[in-house]
């Protein structure tokens with residue numbers, strides 16, 4: 001892909017910082033500007049090589065950007081997209097890294113200028129850790145990025161968004177915002193809700209007798225509370241549906257155990273094991289992600 | 001600890017094979033005899049360095065053993081302990097590696113000779129993988145082994161069991177069989193049931209959009225169906241209690257989401273996160289285990 005001029009990143013945390021690092025390490029942009037509220041964190045971003053420079057003034061930060069990537073928490077993304085669209089260059093591409101898409105795309109669509117410049121994105125990579133200190137230029141290598149264009153999306157900017165995300169190392173999937181949110185409710189939001197409920201129900205005094213099943217099953221419960229609350233709320237209907245489906249499955253297990261029905265227990269287990277095997281078959285090189 | 005003579009391992013799979021490897025690599029026994037039903041698997045065990053020799057005849061296999069370790073699936077352990085007690089040397093110590101203890105200890109207690117030689121053990125180490133091919137002499141290094149002696153337990157054999165398991169690298173916890181089963185229902189059996197329900201509810205066609213939260217949250221769903229069905233059934237009451245407590249916690253999350261109560265969602269998340277942080281603080285070097 002041709003080298004980009006200035007790329008602005010709004011929100012320089014784990015994801016924003018990793019995008020900055022990837023752009024800089026791969027020589028994909030002439031300049032990476034980080035935009036945030038905390039000058040100390042922006043200084044960290046510069047020191048850690050995630051951005052070339054930082055500013056707390058979003059208007060100034062996006063002024064010269066060819067691409068603006070919004071990496072703020074879900075409830076804040078729509079406003080940041082609108083601002084970047086208004087304050088940015090005529091030809092600016094605005095994309096984002098948010099974990100939910102339907103509500104965001106609807107909100108952006110209400111603003112003609114934002115609608116015209118925006119291509120919604122979601123790189124499925126992350127970690128339960130937070131902050132630019134954990135940023136990693138290889139975070140996106142081989143990971144999936146989902147783009148959710150609609151009939152509103154400018155075809156030229158869609159092309160540029162594809163180049164942008166594949167340049168960071170992502171393989172692309174394109175789907176509707178609605179289909180994205182339904183799928184992610186199952187593949188990501190539900191696993192987070194389940195991990196948190198599991199961590200919440202195992203008392204601290206039993207942890208000396210816990211090992212790998214607990215460790216892996218609760219890992220993402222260590223993620224940020226307000227970040228995940230924002231995601232759950234933005235995808236409420238699909239999350240509730242997924243939790244209900246999960247509860248039904250667990251109740252089927254419970255009923256089989258109450259009835260001491262060995263065959264049903266084995267069948268439930270083997271169906272799940274078989275579905276899970278597809279994931280391993282498709283993901284031969286797992287890395288840090290969420 | 002003084003070097004042991006012959007150690008017999010009944011069931012040379014992942015756990016039995018790892019015990020054999022640890023004994024041999026650490027020079028803890030003069031001879032390790034593997035006992036199993038499949039001569040080909042026993043030959044694998046010899047080839048892979050897990051045992052010195054194998055036999056399909058348990059009576060012959062335990063005849064000269066100073067220690068017999070029963071590593072068969074949970075429903076089979078009590079019978080293997082009884083046989084080892086009957087066929088073994090006068091002074092034999094019989095221990096096991098089973099994941100549930102109350103039912104087993106009760107069954108063994110009905111047989112005076114078995115009761116006299118048995119010390120129940122549970123090394124909390126393992127993997128979702130199965131078979132001697134995955135055996136690892138370092139599987140127990142730094143891991144917890146729970147011993148569940150009762151008033152029936154011979155004090156001398158308890159001492160020998162402590163030496164045996166610490167010799168493999170374990171740190172010990174001693175508790176009652178009942179307390180063991182209640183704790184493990186929460187720390188291990190529930191996480192397995194939850195992982196399986198999660199894997200069962202995410203359709204294969206969404207897996208391209210799954211990443212780390214799904215991967216870790218479902219890892220142990222790849223474990224063996226009949227092994228885990230045996231564990232759930234042997235610890236039914238405590239597993240059912242744990243699943244119910246978990247469902248209540250998940251329902252609290254669901255209710256808060258239905259009510260769109262941000263503060264309750266954040267509080268639920270942070271309580272769980274705090275409990276989970278204790279685990280990380282206590283386990284600075286996680287390894288393959290289940």
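Would you mind listing the helices (runs of 4 or more DSSP H) fully within the stretch B:1-80 where at least 1 residues are out of contact with any strand residue (DSSP E or B) (no Cβ under 7 Å at 6 or more places or on another chain) and over 24 Å from residue B:162 (Cα atoms)?
Fully inside the stretch B:1-80 and qualifying: B:39-47, B:58-62.
Can you find a residue in the stretch B:176-195 that is crowded, with 24+ Cβ neighbours inside 10 Å, more than 7 Å from chain A (Cβ to nearest Cβ) and in contact with a strand residue (DSSP E or B) (Cβ under 7 Å, 6 or more places away or on another chain)?
Yes, there is a match, as at least one residue in the stretch B:176-195 is crowded, with 24+ Cβ neighbours inside 10 Å, more than 7 Å from chain A (Cβ to nearest Cβ) and in contact with a strand residue (DSSP E or B) (Cβ under 7 Å, 6 or more places away or on another chain).
Given (1) over 18 Å from the mean Cα position of the chain (by Cα); (2) on the phi < 0 side of the Ramachandran plot; (3) touching a residue at least 12 places away in the same chain (Cβ under 8 Å), identify the lone condition not met by residue A:43.
It is condition (3) that residue A:43 fails.
For the stretch A:143-158, name all the residues that are in contact with a strand residue (DSSP E or B) (Cβ under 7 Å, 6 or more places away or on another chain) and part of a helix (DSSP H, G or I).
A:157, A:158 - these are the residues of the stretch A:143-158 that are in contact with a strand residue (DSSP E or B) (Cβ under 7 Å, 6 or more places away or on another chain) and part of a helix (DSSP H, G or I).
Name the one entry in B:199, B:179, B:183, B:195 that is within 19 Å of the chain's Cα centre (by Cα) and under 21 Å from residue A:268 (Cβ atoms).
Just one listed residue meets the conditions, B:195.
The conditions are (1) within 20 Å of residue B:4 (Cα to Cα); (2) part of a loop (DSSP other than H, G, I, E, B); (3) under 13 Å from the mean Cα position of the chain (by Cα), and residue B:128 fails exactly one of them. Which is it?
Going through the list (1) within 20 Å of residue B:4 (Cα to Cα); (2) part of a loop (DSSP other than H, G, I, E, B); (3) under 13 Å from the mean Cα position of the chain (by Cα), residue B:128 breaks only (1).
So, of the residues in the stretch B:136-158 that are within 18 Å of residue B:23 (Cα to Cα) and either outside the structural domain of residue B:101 (by TED's automatic domain parsing) or more than 14 Å from the chain's Cα centre (by Cα) (or both), which turns out to be surrounded by the most Cβ atoms within 10 Å (Cβ to Cβ)?
So, considering only residues that are within 18 Å of residue B:23 (Cα to Cα) and either outside the structural domain of residue B:101 (by TED's automatic domain parsing) or more than 14 Å from the chain's Cα centre (by Cα) (or both), the one surrounded by the most Cβ atoms within 10 Å (Cβ to Cβ) is B:137.
The values are calculated or read from the model by the stated rules, or taken from the named source; none is laboratory data. Keep in mind that this is a model prediction, so the values were computed, not measured. For neighbour counting, all protein chains shown are included, and Cβ atoms are generated from backbone atoms with ideal geometry for every residue, glycine included.
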